[in-house]
Amino acid sequence: MDRILRGIMRYRVLDRASMVKQFEQVRDNPVPKAIFYSCMDSRMIPTRFTETSVGDMFVVRNAGNLVPHSQAFVDEMTSCEPAGLELSCVLNDVKHIIVCGHSDCKAMNLLYKLKSDKESSIEQRRISPLKSWLCTHGKSSLDKFLDVKGNFDKPIVFSAETPQRKFVAYIDPENNFCIEDKLSQVNTLQQLQNIASYGMLKKRLERHDLHIHALWFDIYTGDIYYFSRRAKRFLIIDESSYEIILAEIRRYYS
Ligand SMILES: [Zn+2]
């Protein structure tokens with residue numbers, strides 16, 4: 001708490017006045033442009049690595065940047081992730097949904113361990129909310145990951161905005177990352193399909209009025225990747241790729 005209180009004192013001196021000005025600017029007309037799903041990992045600070053600010057985007061964070069499939073939404077039982085979709089895309093007409101995974105994700109490392117039956121047994125899940133969360137909502141990612149049986153030369157097919165809008169992904173074709181990070185990339189892409197499962201978004205998605213993107217953050221190099229459907233892989237966002245990625249986004253999503 002000491003660290004946090006000292007931070008608040010510094011914020012009062014350095015940032016408060018300028019933030020209040022920004023709050024005033026967007027008070028009557030906040031127009032967030034995106035909703036950003038990321039992991040709750042303490043090393044992930046989405047507003048810092050995207051240099052976004054007051055009023056720019058909604059942020060939802062949880063263990064493993066998961067968005068539960070709509071099948072998990074039974075009667076009034078739901079979670080905050082779909083509520084976030086409704087708040088942003090339906091009530092505020094946000095056009096871009098971003099899911100951002102990352103390397104060395106503790107939630108994904110645990111999900112990888114849970115692939116053995118013993119670890120993911122009902123008894124284990126009863127005593128561990130985290131295991132239960134991952135086993136329930138990460139299962140489709142794990143299944144897809146296990147399907148390729150370690151052969152990542154094989155492409156994996158995902159669906160995105162609509163079941164017909166499928167795309168192909170080569171996961172870590174240069175084999176730069178460990179097996180858990182590969183699962184993290186598969187998991188990030190799997191969330192696109194989960195997001196598109198919500199009926200409240202169907203019309204917008206069919207009209208190409210709402211777009212879903214995947215980013216992936218490498219904690220150890222600080223590089224951020226964009227999943228390019230054209231290149232069928234995650235590409236580092238840098239000086240050499242920026243224009244290419246932007247052109248793809250404009251072409252696909254305009
Ligand atoms: Zn994580």
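The values are calculated or read from the model by the stated rules, or taken from the named source; none is laboratory data. No experiment lies behind these values; they were computed from the predicted model shown. As a convention, Cβ positions derive from the backbone with ideal geometry for all residues, glycine included, and neighbour counts pool all protein chains shown. Quick note on the areas: whole protein, heavy atoms, side chains included, nothing else; ligands and nucleic acids left out. Shrake-Rupley method; radii C 1.70, N 1.55, O 1.52, S 1.80 Å.
How many residues are part of a strand (DSSP E or B), open to solvent by 50 Å² or more (accessible area, probe 1.4 Å) and away from the ligand (no atom under 16 Å from the Cβ) if we restrict to region 59-99?
Total satisfying the criteria: 3.
Which members of region 18-42 meet the condition of being surrounded by 10 or more Cβ atoms within 10 Å (Cβ to Cβ) and at pLDDT 95 or above?
A34, I35, F36, Y37, S38, C39, M40, D41
Checking L130 against (1) open to solvent by less than 70 Å² (accessible area, probe 1.4 Å); (2) out of contact with any Lys or Arg (no Cβ under 9 Å at 6 or more places or on another chain); (3) more than 16 Å from R233 (Cα to Cα): exactly one of these is not met. Which one?
Checking L130 against (1) open to solvent by less than 70 Å² (accessible area, probe 1.4 Å); (2) out of contact with any Lys or Arg (no Cβ under 9 Å at 6 or more places or on another chain); (3) more than 16 Å from R233 (Cα to Cα), the one that fails is (1).
Scan region 100-116 and tell me whether some residue there is among the acidic types (D, E), at positive phi, within 16 Å of the ligand (Cβ to nearest atom) and outside any strand (DSSP E or B).
Looking for residues that are among the acidic types (D, E), at positive phi, within 16 Å of the ligand (Cβ to nearest atom) and outside any strand (DSSP E or B), one finds at least one in region 100-116, hence yes.
Within region 133-151, how many residues are open to solvent by 30 Å² or more (accessible area, probe 1.4 Å), assigned to a helix (DSSP H, G or I) and free of Cβ contacts under 8 Å to residues at least 60 places away in the same chain?
5
Could you give every pair whose Cβ atoms fall below 8 Å, whose first residue belongs to region 46-72 and is among the hydrophobic types (A, V, I, L, M, F, W, C), and whose second residue is open to solvent by 60 Å² or more (accessible area, probe 1.4 Å) and within 14 Å of the ligand (Cβ to nearest atom), counting only separations of at least 6 or pairs across chains?
Partner pairs satisfying both residue conditions: A63/M40; A63/K106; A63/L130.
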